[in-house]
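The values are calculated or read from the model by the stated rules, or taken from the named source; none is laboratory data. Computed from a predicted structure; not experimentally measured. Here the Cβ is made from the backbone with ideal geometry for all residues, glycine too, and neighbour counts use every protein chain on show.
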Amino acid sequence: MAYHTFQTLIVPALVSFVITIIATKFLISYLSSSGITIDDKNKERPVRLPTSGGVAVAFGIIVGILVYTFGGTFVFTPVIDTSSLFAVGLSILLITLVGFIDDIHIKGREVMTTDLMDRKKGLEKWQKPLLTVIGALPLMAISAGVSIVNVPFFGPVDFGIIYPLIILPLAIVFVSNAFNLLGGYDGLQPGTAIVASIGFLAYSVLFGNYIGALLSSILFASLLAFLPFNAYRAKIIPGDSFTYAIGAIFVAIMAMGNSEAFGIIVFFPWILEFFMHLRRKFNVTDVGTRQRDGTFKAPYGKRIYSWTHFLMNIKRMNEKEIALYMSLIEALFVVLAFGLKLAGFL
């Protein structure tokens, strides 16, 4: 039985890994030739890079989900309701489409966006939360998750019908848009997401939640495949298709894995990022001023509107260091979440 369970986790994850690599390589060529590119101004000379690499990650995740459902139909008896998995896949597909629409809105000349001159205009600020709620519809339709939520420091609370109809869509909108706020440097977004996915995977395995373990393993595999293409000297930009898709699957893991309290602590760096951006009405850039030695100077001096500003105020860092330190910060919150769980606070 243990071997069977191991197989049904590892095979979808491996397929997701391979498919993400293939899809990313295809997108690098296809998006470049299609002109869906933006300037990477963090290098000594600006580099044109294709954007919306999240499409490849989302595709890898969805194929991984389909591999499990295929196996559950023809090979083994599934321990997960496949309709729930299809709802997750459809949710990721819909919200990735919204992100892709955002990514391809590229101007012929540079315009001011989030306190920075760039060719990528994207959706209006009010359109993003409105459209990302579309990603919640499949999960709402099947009443995904468990309405009894362990609220940190308060204990279990039964939200009833409010959970699938109000809390779930609000969570999708908030998490996907908050995850979108922290970026701008090679490897930062997939790196921090990998750390979070490891946390969710470990939690799901330790506390016996199979659907959480399946989704987390597929997510981890797809992110791991994508990271080398976005690590320093990136070949492709993740784009909003990436951040929205990752936000949606994080919420699906928390809801279906009944790990909302744990997930809130894991996601806390992005919650703080949201409120730091809010102080300046989201007209904020995380990207610092590049120095001749390749390090970055905080864009607003001592004023902190992002985790990246905090790091650059400690010392001037290069891209690789900023991405690494943010991953370490996320790892600390994962450890904190496990500590609170084991201490009985979650």
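Looking at this structure, is ILE264 in contact with a helix residue (DSSP H, G or I) (Cβ under 8 Å, 6 or more places away or on another chain), of a type in the set (A, V, I, L, M, F, W, C), closer than 21 Å to ILE329 by Cβ and at pLDDT below 95?
Yes: the conditions hold for ILE264.
Just to check your reading of the model, which residue among GLY191, GLY184, GLY145 is of a type outside the set (Ser, Thr, Tyr), within 30 Å of SER327 (Cα to Cα) and outside any loop (DSSP other than H, G, I, E, B)? Spell out the reasoning first.
Working: GLY184 fails: outside any loop (DSSP other than H, G, I, E, B); GLY145 fails: outside any loop (DSSP other than H, G, I, E, B).
After ruling out the rest, the residue left standing is GLY191.
Does segment 323-336 include one or more residues that are in contact (Cβ under 8 Å) with a residue 40 or more places away in the chain, closer than 25 Å to PRO46 by Cα, not hydrophobic (A, V, I, L, M, F, W, C) and not in a strand (DSSP E or B)?
No: segment 323-336 contains no residue that is in contact (Cβ under 8 Å) with a residue 40 or more places away in the chain, closer than 25 Å to PRO46 by Cα, not hydrophobic (A, V, I, L, M, F, W, C) and not in a strand (DSSP E or B).
What do you reckon, is THR289 of a type in the set (Val, Ile, Thr) and modelled with pLDDT under 95?
Considered against the rule, which asks whether it is of a type in the set (Val, Ile, Thr) and modelled with pLDDT under 95, THR289 comes out as yes.
Quick check: anything in segment 285-307 part of a helix (DSSP H, G or I) and either touching a Leu at 6+ places or on another chain (Cβ under 7 Å) or not hydrophobic (A, V, I, L, M, F, W, C) (or both)? Working first, answer last.
Within segment 285-307, the first condition is being part of a helix (DSSP H, G or I), and the residues that meet it are 307.
Now drop any that are not either touching a Leu at 6+ places or on another chain (Cβ under 7 Å) or not hydrophobic (A, V, I, L, M, F, W, C) (or both), which leaves 307.
Yes, there is a match, as at least one residue in segment 285-307 is part of a helix (DSSP H, G or I) and either touching a Leu at 6+ places or on another chain (Cβ under 7 Å) or not hydrophobic (A, V, I, L, M, F, W, C) (or both).
Check every one of the helices (runs of 4 or more DSSP H) wholly within segment 24-139 and list those with 3 or more residues that are modelled with pLDDT of 90 or more and more than 30 Å from GLN291 (Cβ to Cβ).
Those helices (runs of 4 or more DSSP H) span 54-74, 82-103.
Out of segment 148-161, which residues are of a type in the set (Val, Ile, Thr), in a strand (DSSP E or B) and surrounded by fewer than 18 Cβ atoms within 10 Å (Cβ to Cβ)? Give the steps one after another, and end with the answer.
Step one: of segment 148-161, the residues of a type in the set (Val, Ile, Thr) are 148-149, 151, 157, 161.
Still in the running and in a strand (DSSP E or B): 148-149, 151, 157.
Residues satisfying the conditions are ILE148, VAL151, VAL157.
Kindly indicate the residue of segment 162-193 that is more than 30 Å from LYS43 (Cβ to Cβ) and crowded, with 20+ Cβ neighbours inside 10 Å and also nearest to the chain's Cα centre (by Cα) among those meeting that condition.
VAL175
If I ask for residues that are surrounded by fewer than 16 Cβ atoms within 10 Å (Cβ to Cβ) and touching a residue at least 12 places away in the same chain (Cβ under 8 Å), which ones from segment 126-136 would you list?
Listed by number, the list holds a single entry, PRO129.
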